Amino acid sequence: MTQKLVVATFDNLDVAQRAARDFKNFEKDGDGFKIESGAMVQKSADGKLTVLSQYTESYWGTVIGAVTGGLIGLIGGPLGALAGVTIGAGAGIAEHVFDSKLTKSISEELKPGSVALIIEAKEPPEYEIENVVLGYGGKVFTQPLSW
């Protein structure tokens, strides 16, 4: 069973919401794909990351996972680090899990006004996820999660 981090960036909230619905539908299909945790974050004009609460607890599960929270901290800069720690991820986990090239690529892609959908998933259907993200004009980043 593989576990991966999937980060999808989109130009606006509307398309990110549509992609999130499609991911939930993949999970309902019962092919082994399971979203363990996730969050949706939006970057404001002043560069701050905001965790969109309607896409945390009620949508993806009871808590944001440590990996997701750590990534939010890394891509959000100093303010994101505070948000990531508040969510429950220690900086130590994030620094050991993520490739600095990956976090830099995601940070560069996440422009003001854009939205990132960050999920930790088991058995992600990569081809389908990529098709959804690209179909909505987004960009997808994945990384295997192993401890």
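Observations, loosely collected:
- Stretching residue 3 away from residue 101 to a fully extended chain increases their span by 33.3 nm, per 0.36 nm per residue minus the current alpha-carbon distance.
- Linear extension gain, residue 126 paired with residue 13, 0.36 nm per residue minus alpha-carbon span: 38.5 nm
- The protection proxy used here, the mean number of other Cβ atoms lying within 10 Å of each residue, ranks peptides 6-14, 112-120 as follows, highest first: 112-120, 6-14.
- Reachable lysines, given that their alpha-carbon falls under 19 Å from the alpha-carbon of residue 34 and they are not under 8 places away in the same chain: 4, 24, 122
- Evaluating 6.51 cos²θ - 1.76 cosθ + 1.60 at θ = phi - 60° for every residue in segment 15-29, the Karplus couplings come out as 6, 5, 5, 5, 5, 4, 4, 5, 4, 4, 5, 4, 5, 5, 5 Hz, glycine and proline recorded as x.
- Highest-first arrangement of 134-142, 34-42, where packing means the average Cβ count within 10 Å: 34-42, 134-142
None of the figures in this text is laboratory data; all of them are computed from the coordinates on show. All values reported here derive from a predicted model rather than from experimental measurement. All Cβ positions, glycine included, derive from the backbone under ideal geometry; neighbour counts span all protein chains shown.
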